[in-house]
Amino acid sequence: MAIINQATKELQVKIVYYGPALCGKTTNLVKVHENIQTAKEKGKLVSLATSSDRTLFFDFLPIEAVSIKGFKTKFQLYTVPGQVIYNTTRQLVLRGVDGIVFVADSQYEKMAENVESFANLEDNLRTLKLSLTEIPYVLQYNKRDLPNAAPVDYMEFLLNNREVQVPAFPGTAHQCEGVFETLNMMTRMLLHKFISESARKSA
């Protein structure tokens with residue numbers, strides 16, 4: 001649920017990166033943070049570490065921030081811990097989510113984990129009385145540079161075989177390939193949603 005800050009004239013939008021352990025969620029956030037040029041436009045990259053996993057977050061205000069009714073849009077990016085034992089933390093991070101980037105690991109042997117993690121995402125959203133039919137989301141097929149990467153068509157069949165298909169991007173996050181393409185599509189979808197909602201309320 002986007003938060004409107006009247007004092008700073010900002011619309012705060014929460015994007016959560018979700019996926020199995022070691023799929024590249026953290027790498028995506030680190031690369032986005034590294035490549036946002038001006039320190040003034042981005043918050044500190046904060047890591048909440050457990051013994052074997054971590055949650056990262058930071059916020060940023062795009063230089064070309066689109067104004068909706070005079071409000072600049074600030075994006076807050078979060079990752080969830082990939083390991084199942086931290087499921088309660090995943091639910092906490094998902095609270096108030098506006099958009100989701102599901103990062104899948106392209107390695108053949110990780111397909112079951114991708115499918116399991118996607119099902120877990122849907123379960124956790126249901127617990128929060130939310131649904132992927134209401135929340136914009138995109139898919140990123142990461143680790144495309146590895147020799148054992150499954151074909152994109154196969155991953156589409158496993159993860160995007162739905163009545164309404166969503167945008168999906170191949171990625172090699174550690175080389176920053178596909179990172180901004182994924183994020184840019186996510187932010188565009190969210191802004192489109194908020195502009196449409198704003199227009200409906202005005203009508």
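Read-outs: derived from the displayed coordinates by stated rules, not from any lab. As the structure is a prediction and not an experimental result, all values here were calculated from the model. With ideal geometry, Cβ positions are generated from the backbone for all residues, glycine too; neighbour counts draw on all protein chains shown.
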Check your understanding: With charges set only on the Cβ (+1 for Lys and Arg, -1 for Asp and Glu), what does the dipole of the chain come to about its Cα centre, in debye to the nearest 20?
Key -> 920
Exercise for review: Note the angle between two axes, namely the Cα long axis of helix 111-127 and the longest principal axis of the Cα atoms of the chain, as a number of degrees from 0 to 90, rounded to the nearest 10.
Suggested key: 40
Practice item. Rank-order 80-86, 177-183, 117-123 by packing density, defined as the average count of other C-beta atoms within 10 Å over each peptide's residues, highest first. Key: 177-183, 80-86, 117-123
Review point. What longest range of the chain stays clear of loop-exposed trypsin sites (Lys or Arg not before Pro) (DSSP non-H/G/I/E/B, at most 16 other C-beta within 10 angstrom)?
Key: 163-203
**Study point:** For the chain: relative contact order, % (alpha-carbon pairs under 8 angstrom, 6 or more apart)
**Key:** 23
Practice item. May I ask you to evaluate 6.51 cos²θ - 1.76 cosθ + 1.60, the Karplus curve with θ = phi - 60°, for each residue of the range 2-12 and list the ³J(HN,Hα) values in order in whole Hz, giving x for glycine and proline? Key: 4, 9, 9, 9, 5, 5, 9, 6, 10, 9, 9
Check your understanding: Rounded to the nearest 0.05, what FRET efficiency is calculated for Arg95 and Ser196 with R0 set to 25 Å and r the Cβ-Cβ distance?
Key -> 0.60
Study note, to complete from the structure: With the label point 7 Å along the Cα-to-beta-carbon line of Glu116 and a cut-off under 20 Å to each amide N, the hits in the range 3-26 are 18-26
Exercise for review: Beyond 19 Å between alpha-carbons counts as too far, so tell me which of Lys74/Lys193; Lys129/Lys201; Lys14/Lys42; Lys44/Lys74; Lys31/Lys143 fall in that bin.
Suggested key: Lys129/Lys201
